[in-house]
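S.K.: Sharing a structure below in structure tokens format, with a few things to ask.
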Amino acid sequence: MNAFNVETIRKDFPVLARTVNGKPLVYLDNAATTQKPQSVIDTITDYYSRYNANIHRGIHTLAEEATEAYEAVRSQTARFIHAPSERTIVFTRNATESINLFAWAWGRSRLRAGDEILLTEMEHHANLIPWQMLARATGAVLRFVPVTDDGRIELPRVEALLSPRVKLVAITMMSNVFGTLTPARAVVELAHKQGAIVLLDAAQAAAHMAIDVQALGCDALVFSAHKMLGPTGVGALYARQDLLEQMDPFLGGGEMILDVQLTSATWNEVPWKFEAGTPNIGGVIGFGAALSYLEKVGMDAIQAHEHKLTAYALEQFTHVPEATIHGPTQMIDRGGVVAFNLEGLHPHDLGTLLDGEGVAIRAGHHCAKPLMRRLGVPATARASFSLYNTMDEVDRLMEAIRGAQAFFKRQPVKR
Ligand code: PLP
């Protein structure tokens with residue numbers, strides 16, 4: 001691996017060269033979606049320019065090339081998360097679909113009234129609503145590990161909630177609001193002792209740290225390509241092969257069958273049993289280029305770079321007395337997401353003023369409404385970092401924040 005050089009990396013991302021409102025873009029909305037390197041854009045263009053064809057069904061050259069490229073990314077994805085086999089990787093549209101797939105295909109025929117599903121108070125709606133729907137359909141009950149005031153979960157609280165009634169634990173690896181890295185490995189161990197299986201939501205974690213599903217010991221794990229330099233419209237579900245084999249299909253249609261009669265059908269082998277219809281072939285192939293890019297830079301180097309950026313940002317915020325940081329203020333078990341509120345300045349107003357300075361952040365509930373209630377705020381501002389962000393960009397963020405504060409002091413808003 002070459003030494004990490006952020007300036008070299010930035011040149012690979014064409015959008016970073018643009019201006020917004022006359023100012024160089026500072027893109028700090030990476031937890032929502034990341035920008036794409038030229039190699040991903042080129043790989044997708046190359047697929048549509050040279051070998052666009054439907055996969056698996058054709059016997060012509062283009063179909064064979066497309067199938068080979070698509071299936072190669074399945075193997076690459078398995079290697080990326082250290083999965084034991086490419087058979088354990090199901091391609092979906094996004095992390096949300098992966099969780100819905102698992103919830104229905106695993107849960108619908110297994111859960112009984114009174115069974116419990118254990119979540120945390122800081123889950124993204126994607127890792128909450130599907131379980132609410134499953135609970136409604138089966139009579140299962142949702143339980144929640146509380147979050148501490150500094151945005152962490154504590155293992156004794158997890159342990160206290162685990163019992164033989166808990167059949168599944170679904171927990172984020174990295175909070176999209178707090179940036180907290182949860183003790184996923186320890187949670188898996190505790191859950192397995194009680195006979196529960198564990199799904200990890202790696203939608204945020206997968207772009208920022210090395211993931212090893214075998215070391216984690218999890219039973220399922222999900223992520224979205226678009227948050228890890230890949231295109232939108234592609235996600236993945238990893239699940240233990242024996243679980244996938246026992247699970248019912250989620251969607252029915254072409255490709256997921258072995259044989260079909262007028263009134264019945266038998267299912268294809270895993271993972272194809274879960275990929276009904278024509279998938280996002282070009283997107284999956286583009287995702288392969290994103291994984292190659294992440295691998296080339298190195299996940300440990302990316303994590304170390306983002307660690308420095310986040311530590312610097314948190315330090316800078318200590319000079320803003322009006323700021324409340326939500327989540328860990330120390331750089332222990334923490335990734336590059338910083339959610340904050342500024343006294344007297346609504347996050348949406350702040351976001352608009354920052355955009356005027358070319359600084360893109362997010363303002364809102366971050367698809368975590370119950371967590372906003374727990375924090376006692378309707379919304380927060382959120383800056384989130386990626387491998388291509390720089391210390392100078394953190395300075396630009398802080399300058400823009402100071403500018404917004406000065407603007408609001410001059411002109412109190414009438415609502
Ligand atoms: N889980 C977490 C922690 C997230 O941050 C997100 C998206 O922000 C999701 C799940 C859902 O991802 P997607 O919208 O790509 O399905």
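S.K.: Of Lys227/Lys308; Lys11/Lys308; Lys227/Lys369; Lys36/Lys296; Lys11/Lys296; Lys273/Lys296, which pairs sit farther than 24 Å apart, going by alpha carbon to alpha carbon?
M.R.: Those over the limit are Lys273/Lys296.
S.K.: Can you pull out the GluC sites (Glu not before Pro) in the range 110-203 that DSSP calls coil and that have at most 13 other Cβ atoms within 10 Å?
M.R.: Glu154
S.K.: Rounded, prolate or oblate, given the Cα gyration tensor of the chain, with a/c below 1.5 counting as rounded?
M.R.: Oblate, since a/c reaches 1.5 and b/c is not below a/b.
S.K.: What order do Trp272, Trp131, Trp267 take when sorted by accessible area (1.4 Å probe), most exposed first?
M.R.: Final ranking, largest accessible area leading: Trp267, Trp272, Trp131.
S.K.: Using a 1.4 Å probe over the heavy atoms of the protein chains, calculate the carbon and sulfur portion of the accessible area of the chain as a whole percent.
M.R.: Ligands and nucleic acids excluded, carbon and sulfur reach 53 percent.
S.K.: Let me check I've understood the local charge: for Ile285, count other residues with C-beta under 13 angstrom from its C-beta, Lys and Arg +1, Asp and Glu -1. What total comes out?
M.R.: Net charge in that neighbourhood comes out at -3.
S.K.: Expressed as an acute angle from 0 to 90° and rounded to the nearest 10, what is the orientation of the C-alpha long axis of helix 347-356 relative to the principal long axis of the chain?
M.R.: 80 degrees
S.K.: Next question. Using protein chains only and a probe of 1.4 angstrom, how many square angstrom of Tyr238 are accessible, to the nearest 10?
M.R.: 10 Å²
S.K.: Under a 1.4 Å probe, what is the accessible area of the chain per residue, stated in Å²?
M.R.: 42 Å²
S.K.: What 222 nm value per residue comes from the helices of the chain, counting each DSSP H run with n ≥ 4 as -39,500 (n - 2.57) and dividing by all residues, nearest 500 deg cm²/dmol?
M.R.: Per the formula, -12000 deg cm²/dmol.
S.K.: Can you compute the charge dipole magnitude of the chain about its Cα centre, using +1 on each Lys and Arg Cβ and -1 on each Asp and Glu Cβ, nothing else charged? Give it in debye, rounded to the nearest 20.
M.R.: Dipole size: approximately 1080 debye.
S.K.: In the neighborhood of Arg402, defined by Cβ-to-Cβ distances under 12 Å, what is the net charge if each Lys or Arg adds +1 and each Asp or Glu adds -1?
M.R.: Once all neighbours under 12 Å are counted, the net charge is -2.
S.K.: Is the range 171-252 best put as rounded, prolate or oblate by its Cα gyration tensor, with a ≥ b ≥ c the root eigenvalues, rounded for a/c under 1.5, and otherwise prolate when a/b is larger than b/c, oblate when not?
M.R.: It comes out oblate by the Cα gyration axes.
S.K.: Under 12 Å from the Cβ of Gly364, count the other residues' Cβ atoms, weight Lys and Arg +1, Asp and Glu -1, and hand me the total.
M.R.: Here the charged neighbours net out to +2.
S.K.: Then there's this: At what distance in angstrom do the alpha carbon centres of the range 342-395 and the range 250-318 lie from each other?
M.R.: 27 Å
S.K.: Taking R0 as 45 Å, what's the FRET efficiency between Lys193 and Leu251 from their Cβ-Cβ distance, rounded to 0.05?
M.R.: Efficiency at R0 = 45 Å is approximately 0.85.
S.K.: Here is a follow-up. If you filter the range 296-355 for GluC sites (Glu not before Pro), then keep DSSP loop positions with at most 14 other Cβ within 10 Å, what is left?
M.R.: Sparse-neighbourhood loop GluC sites (Glu not before Pro): Glu322, Glu343.
S.K.: Could you rank Asp242, Asp29 by how accessible they are, 1.4 Å probe, largest area first?
M.R.: The ranking, largest first, comes out as Asp242, Asp29.
S.K.: Decide, for the range 46-176, between rounded, prolate and oblate: order the square roots of the alpha carbon gyration tensor eigenvalues as a ≥ b ≥ c, take rounded if a/c falls under 1.5, and otherwise choose prolate if a/b is larger than b/c, else oblate.
M.R.: Here the range 46-176 falls in the prolate category.
S.K.: Taking the Cα centre of each part, how many Å lie between the range 321-336 and the range 133-187?
M.R.: What the calculation gives is 21 Å, centre to centre.
S.K.: In whole Å, how far is the Cα centre of the range 194-248 from that of the range 1-59?
M.R.: About 23 Å separates the Cα centre of the range 194-248 from the one of the range 1-59.
S.K.: Run the numbers for Ala186 and Ala17: contour at 0.36 nm per residue of separation, minus the present Cα-Cα distance, in nm.
M.R.: Between Ala186 and Ala17, full extension yields an extra 56.6 nm.
S.K.: Then there's this: Note the angle between two axes, namely the Cα long axis of helix 184-193 and the longest principal axis of the Cα atoms of the chain, as a number of degrees from 0 to 90, rounded to the nearest 10.
M.R.: Taking the Cα atoms of the chain, the angle to 184-193 is about 40 degrees.
The values are calculated or read from the model by the stated rules, or taken from the named source; none is laboratory data. In this text the structure is predicted, and so the values were computed from the model without any measurement. Every residue, glycine among them, receives a Cβ derived from its backbone with ideal geometry; neighbour counts consider all protein chains shown. Areas reflect the complete protein model, heavy atoms only, side chains present, ligands, DNA and RNA absent. Shrake-Rupley method; radii C 1.70, N 1.55, O 1.52, S 1.80 Å.
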